[in-house]
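Let me begin by presenting the structure, written as structure tokens, before commenting on it.
The values are calculated or read from the model by the stated rules, or taken from the named source; none is laboratory data. Keep in mind that what you see is a predicted model, and the values were worked out from it rather than measured. As a convention, Cβ positions derive from the backbone with ideal geometry for all residues, glycine included, and neighbour counts pool all protein chains shown. Calculation scope for accessible area: heavy atoms of the full protein, side chains included, ligands and nucleic acids excluded. Shrake-Rupley method; radii C 1.70, N 1.55, O 1.52, S 1.80 Å.
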Amino acid sequence: MAKQGKLYVVGFGPGDFKHITARAVEALQESDFIIGYKTYVELIQDLITDETAVISTGMTEEVSRAQEAVRQAELGKTVAVISSGDSGVYGMAGLVYEVLIEKGWTEATGIPVEIIPGISAINSCGSLLGAPIMHDSCTISLSDHLTPWNLIAKRVEAAAMADFVIALYNPRSGRRTRQIVEAQNILLRYRSPETPVGLVKSAYRERQHIIITNLGEMLDHDIGMLTTVIIGNSSTFLYDNKMITPRGYQRKYTLNSEKQNLKPHQRLKEEAEPWAMDQTTGEQRIKSSVAVTASVKNIQKVETSKQERSKISSYDMAMEALKRVSGDRPKATHYVHQDFEEIFELAVSPGVANKKFTPDQMMTLAMVVGEKGTMEYTPNHQIVLKIPTSNPEIITTKLKIVGFLLSPIGDVLTLKACDFCDGEKMGGIPYAEEIQEKLGGLKLPKELQIGFNGCGMACYKAVTDDIGIIYRKGKFDLFLGAKPVGRTAHPGQPVAEGIEPDKIVEVITNIVREYKENAHPNERLFKYFKRVKQIQGFVYRDVAPKIMIEPAPCGD
Ligand code: SAH
């Protein structure tokens, strides 16, 4: 019986030997014939033996290449048809099957066929640019040689609209120059001109050339048949000349920065995913909270039914109009109209010294938190709000109108003041307010609380805060380095008495600035003070005798 032939369809990767799979090399070495476009055959020349017959054909002769391969295999030869990258991505695999099917081939009765996968340009070029793919992506070939341009344009538009990372193959040739221009126009309707774009020419080949640019400027660079154009999604960013697409979308807004990078331990929390299909709703989460009264529910109902009547409220429209009039350019994310909700986290209090809520404030709180959000009273004299929203500005405006003091949460500076005996000891209030104004919400290496008390009683316990300020007889006493929590908690050290009022804000500002600039990440003020022994001339004293206490993490 004659030797049975075999057909390999081999993707040999981007073009260098290190990125060909072991199975591809095996197949090439086993083959009697290697059939492919001549540039590709030249690329793998060193891998094949002299006896292997090589049939290299021109670019447009794909069909005859596939037919010849099938014919040789049917004659009993082992034949490899080669494609660069992956043979299943704008390669020869589909065509080989089409030729086989025409001849009535089936797996059971026909010659054996093995498709050997390779690294496609989206992967090889992506790796050279950093990590641009990462999220949902697609490949689109701009060649209208075998596909009508209308369909290609529709796909570019759909991908742009749905915020896919896009790898454009066959972006441009000597003859086809308009397609990439048209594609850029379509993309610019949905994405910011600043969207990062990578142009990789001849990845992992001798003439490799990499350019990082953006959607607005990409056509100022050389783009040809050997280039793959990778267009980032609305979250892709540049860092150290690398294109990076985050693994997920941001799920949090904070007050002082538009978006907050989630720390790894926050990423996996379900409540950080308000958009998920089977999320736990805020309502379920706050079910145990007894504070949701019937009247509050009624208010929420009014708000919801209003929203139902028209999805875009008049308030939204007014905000948008205001933005247009004041000439604020829409930010990059506005180009992609995915209106998904992210968690907005912030803390509210009635004021620095004021501890009394008004009914109006309570009603506004209930309204903005709604069915989906949560509010939590914390030891910092603040209520922390977590509200799924796509428009934090509306929430902050409503809260400010009723006189709430808004603060970001996280590793920031918080001022905790007493109520100054209901205003009777009001002499200190302006200083507390000035410090809040100047430093409140400042991002720091670790959270920092300033306790500010209006008299020597210090009944709001300023001495146990990171920085304690006590207003006494028209001057200020200062305490530094308390360890506010834990079983080894201790008060701060009295470092100064009788600081003059016109000096206090400056003294505090300098301490905070020094801590911000010099502390290690996560180093709380008491640790920093203990390490450096002196802050702004205030000297650390090792006073407390050491008592050994077994460490006990929260919850144990
Ligand atoms: N089967 C191949 C794609 C062939 S279509 C694959 O999976 O990669 C040809 C297009 O692929 C080129 O126009 C270019 O856009 C892209 N391409 C292939 N190899 C490349 C390489 N080494 N560097 C950059 N782009 C490449």
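Listed cross-link partners Lys38/Lys201; Lys77/Lys201; Lys356/Lys400; Lys473/Lys516; Lys323/Lys398; Lys425/Lys516 are compared with a 25 Å cut-off, the Cα-Cα value being larger for Lys77/Lys201; Lys473/Lys516; Lys425/Lys516. Note on Leu47 and Arg205: the model spin-label points, each 7 Å out from Cα along the C-beta direction, lie 1.5 nm apart. Averaging the Cα positions of each part gives two centres, and for segment 1-47 and segment 420-451 these lie 73 Å apart. Building the convex hull from the alpha-carbon atoms of segment 392-447 and averaging its projection over directions returns 4.8 nm². Other residues whose C-beta falls under 10 angstrom from the C-beta of Arg71 contribute a net charge of 0, scoring Lys and Arg +1 and Asp and Glu -1. Hydrodynamic estimate: the Kirkwood radius of segment 345-384 over Cα pairs, inserted into Stokes-Einstein at 10 °C and 1.306 mPa s, corresponds to D of 148 µm²/s.
With both residues required to sit in segment 137-229, DSSP beta bridges show an antiparallel share near 65%.
Averaging 1/r over each pair of different alpha-carbon atoms in segment 59-217 and inverting the result gives 17.8 Å, the Kirkwood hydrodynamic radius. Normalised by the number of residues in segment 384-449, the mean separation of alpha-carbon contacts (under 8 Å, six or more apart) gives a relative contact order of 41 percent.
Full extension of the segment from Tyr239 to Thr397, taken as 0.36 nm per residue of separation minus the current Cα-Cα distance, would add 53.5 nm. A 1.4 Å probe, protein heavy atoms only, puts the accessible area of Leu43 near 50 Å².
The Cα atoms of segment 440-556 define a convex hull whose projected area, averaged across directions, is 8.2 nm².
For segment 360-483, the dipole from Cβ point charges (+1 on Lys and Arg, -1 on Asp and Glu) about the Cα centre works out to 240 debye, to the nearest 20.
Start at zero, step by 5 Å, and the Cα-Cα distances of segment 114-207 spread as 2, 12, 22, 24, 21, 13, 5, 1, 0 percent across the bins. Solvent-accessible area of Cys421, all protein chains in place: 60 Å² (probe radius 1.4 Å, heavy atoms, ligands and nucleic acids excluded). Computed on protein heavy atoms with a 1.4 Å probe, the accessible areas place Met426, Met225 in the order Met426, Met225, largest first. Simple rule: put +1 on each Lys or Arg Cβ and -1 on each Asp or Glu Cβ in segment 435-545, find the dipole, and look at Gly486, Ile435, Pro521; the Cα lying farthest toward the positive end is Gly486.
Of all aspartates and glutamates in the structure, the ones whose alpha carbon falls short of 14 Å from that of Lys416, not counting any fewer than 8 places away in one chain, are Glu433, Glu434, Glu437, Glu447, Asp465, Asp466.
What the phi angles of segment 20-37 give under the Karplus curve with 6.51, -1.76 and 1.60, with θ = phi - 60°, is a coupling list of 8, 6, 4, 5, 5, 5, 4, 4, 5, 6, 7, 7, 7, 10, 10, 10, x, 4 Hz, glycine and proline written as x.
The slack in the chain from Asp16 to Asn518, taken as 0.36 nm per residue of separation less the alpha-carbon distance, amounts to 175.9 nm.
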